[in-house]
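Please read the structure below before turning to the comments.
The values are calculated or read from the model by the stated rules, or taken from the named source; none is laboratory data. Quick caveat: nothing in here was measured; it's all calculated off a predicted structure. Backbone-built Cβ (ideal geometry, glycine too); neighbour counts: all protein chains shown.
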Amino acid sequence: MIVKLFMYLEYPFVRYAIIVGVLIALCSSLLGVTLVLKRFSYIGDGLSHVAFGAMAIATVLKLTNQMVLILPVTILCAVVLLRTGQNAKIKGDAAIAMISVGALAFGYMLMNVFSTSSNLTGDVCSTLFGSTSILTLTKWEVWLCIALSVVVVITFALLYNKIFAVTFDEDFAKAVGTNADAYNLVIAVVIAVIIVLAMNLVGSLLISALVIFPALSAMRLFNSFRKVTLFSAAFSVVCALLGLFISILWGTPVGSTIVTVDVFAFFLCWMVGACLGGIKR
Amino acid sequence: MKRAMILMLTMTMSLLTWGCAETPDNSASSDNLDALYGSSQIAVVTPEGYNVYDKETGEIINDDAESEEYAEADESISEQSADLMGDGTPAFARSTDGVDVDLTALSSTMVYSQVYNMMVTPENFTGKVVKMQGSYSCFYDSTTGNYYYACIIQDATACCSQGIEFILTDDYKYPQDYPTDGDIITVQGVFDTYYEGENMYCTLRNAKLL
């Protein structure tokens, strides 16, 4: 099996998949901790459906580079959802649900009415579940993912303290003079970028798993924000790699295999955390 | 925290450097073939040797084995191919069973991805002997009046299909020697591309059923 794996690693598209998979897993886990703590776990699902809707419009318009439309639309929706705040008429989860199902239905209807492919069901299924999308990346797409991931990691590293403050106590952060609205905007933009990238790895419907499971698994074992963040990053990368290797060795869909590995690893962390009482700070 | 991030970034960049490193181009590029045979013709490797096709009509034009021109070209190919990859490995060097791209040895996820890759970058596979297994499909196009035969494979969720057309050798007579629609077949042939109108298609030439 190891020999077969090394044989597969000689294929360029497998190496591209590993690179992009690792980067996406890393970026999604970093922001996942913030989203889980701010009770916005389901935003990944909502934004991925918006990205699907934008992708449908881009497909109908026959755009060569669909990112030109998908990224700005997703960023705009992320800003709308995350910046509405306490005084919005339609609050958090309702807004996410409304935009999410609306975009999904609209996108699928557009692709049916203005079909540009002979295998519509296959294209939609592949986008929603990410069965082999990660293994069919071009070099340009890989470099784009790399560039965006580097930006996300650097942003998180430089703004770590502010993100920490805004995550745990936004009112206190505002009271001491932190521009919480600006940092919420940054978080929203970064989340949108990660969601668009993650669609390639696990598909639209399973993105939430990449965001939620690493953070929740880390919280079973650690108490401090720093340790939870670092562990969730390592956890996410390991699970993504393991899921990718299993899928290419045994011929399973990539997206659902990665999420299955995430689920098993979460239960493992839960049991370890329950047995050991958590690793105290 | 910043140190941890920088360490993560450094490791990631190392991974990227390894991953994006160019692998030797194992294909006989069409530039090399064009230089030898001229831009209107293309040489395609077969298990028995080489066939030269007219790019526009797709007809074989090297039937005359005694032609001096092709004898010289054959000799020239042997000399040229000795170092087409720059490391002494002949461009048309094959594994012991004569197959350059064996899709039957890959998992279903890898097969689908590799076939997708072949469709997107056919120039990297032109001239290579390909072996694949899938379900047989026959399609008659009333606009061209031709029958097209393909080997179809599905991805892991079985919702998406990819396929490669194949053209069996003259030893096979239609319909008695051809499979039934939906049969699982193993086919081996030489990967090539051709044009019908403005569209380019991929096919396995001189194919045989195993």
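Scan region B:97-112 for residues that are more than 21 Å from residue A:257 (Cα to Cα) and not in a helix (DSSP H, G or I) and report the count.
6
On the basis of being away from chain B (no Cβ under 11 Å), in a helix (DSSP H, G or I) and within 22 Å of residue A:128 (Cβ to Cβ), does residue A:246 make the cut?
Here the answer is no, as residue A:246 does not meet what is asked.
Which condition breaks for residue B:126 when tested against (1) more than 14 Å from chain A (Cβ to nearest Cβ); (2) modelled with pLDDT under 85?
Condition (2) is where residue B:126 drops out.
Can you pull out every residue in region A:6-39 that is surrounded by fewer than 21 Cβ atoms within 10 Å (Cβ to Cβ) and either on the phi > 0 side of the Ramachandran plot or away from every other protein chain (no Cβ under 11 Å) (or both)?
Passing the criteria: A:6, A:37, A:38, A:39.
Being in contact (Cβ under 8 Å) with a residue 60 or more places away in the chain and surrounded by fewer than 21 Cβ atoms within 10 Å (Cβ to Cβ) is the filter; apply it to region A:223-269 and report the residue that is farthest from residue A:212 (Cα to Cα).
Step by step, filter region A:223-269, then rank; the result is A:249.
Read through the list (1) surrounded by 18 or more Cβ atoms within 10 Å (Cβ to Cβ); (2) closer than 26 Å to residue A:21 by Cβ, then give the number of the only condition that residue A:180 fails.
Status for residue A:180: all satisfied but (2).
Is it the case that some residue within region A:184-195 is surrounded by fewer than 13 Cβ atoms within 10 Å (Cβ to Cβ), among the aliphatic types (A, V, I, L, M) and in a helix (DSSP H, G or I)?
For region A:184-195, residues surrounded by fewer than 13 Cβ atoms within 10 Å (Cβ to Cβ), among the aliphatic types (A, V, I, L, M) and in a helix (DSSP H, G or I): absent.
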